[in-house]
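I have placed the structure first, in the form of structure tokens, so that the comments after it can refer back to it.
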Amino acid sequence: AWYVLGKLLRAEARNEEAAAAFAAAHRIDPGNFGMESLQLHALNLSDRVSAADLFERHRAFGERLEAAVAPRFKDYAGDQRLERRLRIGYVSSDFNWHPVAIFTLPLLERHDRAVCEVVGYYTGSGADETTARLRAAADAWRDAADLSDEELADLIHRDAIDVLVDLSGHSGVCRLGVFARQPAPVQLSWLGYLHTTGL
């Protein structure tokens, strides 16, 4: 009930109230990082939280998530030869008609295929024309909405991704549990969330 209330309040731009509702949900289920993630997202739009406090809350979130979800992989699965192409993976729930997809599409279309391969991991639902264009711009595409964080991390590791890019952060369908498992040697967050993820 607190989760649903928080979503409704956030949709009405009542961000402090939404953050309080998500905090109440998180207190009931403290192991639910998704609730805390929603709270952090709502707090980005609050005038009552200082930039320093917001950064510290994100940092503490990342520390707790990384402690709860130990890295799964000791060895890198990829080819170690320097002359090979880099494998770059993009993870997003917004690979459809959405600002993240609209900004990502030109990047995927213009990657130099002589030096890199692009793999898209779509964690959302609702494929459309934009999804088809993104899929066509990638060298490989994985529909991953039904995979758990553990399963998706395993898939990314098997795909031998060198650089893994999170395009959602604490917005959309948050898959930071995948990144906490460290399936790629280099991981970063870009575009979809205008703050640190805390990881």
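The values are calculated or read from the model by the stated rules, or taken from the named source; none is laboratory data. From a predicted model like this one, the values you see are computed outputs, not experimental measurements. Note that each Cβ is placed from the backbone with ideal geometry, even for glycine, and that neighbours are counted across all protein chains shown. Accessible surface areas use protein heavy atoms only, side chains included; no ligands, DNA or RNA. Shrake-Rupley method; radii C 1.70, N 1.55, O 1.52, S 1.80 Å.
A few comments on the model shown:
- Within segment 84-97, the residues that satisfy the criterion of being at pLDDT 95 or above and over 22 Å from Ala153 (Cβ atoms) are Asn96, Trp97.
- Residue that is open to solvent by 40 Å² or more (accessible area, probe 1.4 Å) and either free of Cβ contacts under 8 Å to residues at least 24 places away in the same chain or of a type in the set (A, V, I, L, M) (or both), where the choices are Leu152, Leu199, Leu167, Leu134: Leu199
- Qualifying residue in segment 82-89 (condition: in contact (Cβ under 8 Å) with a residue 40 or more places away in the chain, part of a loop (DSSP other than H, G, I, E, B), open to solvent by less than 60 Å² (accessible area, probe 1.4 Å) and of a type in the set (Gly, Ala, Ser)): no
- Total residues in segment 100-116, condition open to solvent by less than 40 Å² (accessible area, probe 1.4 Å) and either in contact with an Asp or Glu (Cβ under 8 Å, 6 or more places away or on another chain) or aliphatic (A, V, I, L, M) (or both): 4
- Matching residues in segment 59-76 - criterion: being within 20 Å of Arg158 (Cα to Cα) and either assigned to a helix (DSSP H, G or I) or open to solvent by less than 50 Å² (accessible area, probe 1.4 Å) (or both): Val69, Phe73
- Any hit, segment 37-55, residues being open to solvent by less than 20 Å² (accessible area, probe 1.4 Å), assigned to a helix (DSSP H, G or I) and closer than 18 Å to Phe179 by Cβ: yes
- In segment 100-152, residue nearest to the chain's Cα centre (by Cα) [restricted to those that are β-branched (Val, Ile, Thr) and assigned to a helix (DSSP H, G or I)]: Val100
- Of all residues in segment 173-193, those that are farther than 18 Å from Leu105 by Cα, in a loop (DSSP other than H, G, I, E, B) and under 12 Å from the mean Cα position of the chain (by Cα) total 3.
- When residues of segment 137-149 are limited to those that are open to solvent by 40 Å² or more (accessible area, probe 1.4 Å) and of a type in the set (Gly, Ala, Ser), the one nearest to Arg113 (Cα to Cα): Ala145
- In the set (1) in a loop (DSSP other than H, G, I, E, B); (2) aromatic (Phe, Trp, Tyr); (3) buried (at least 17 other Cβ atoms within 10 Å of the Cβ), Trp97 fails one condition alone, (3).
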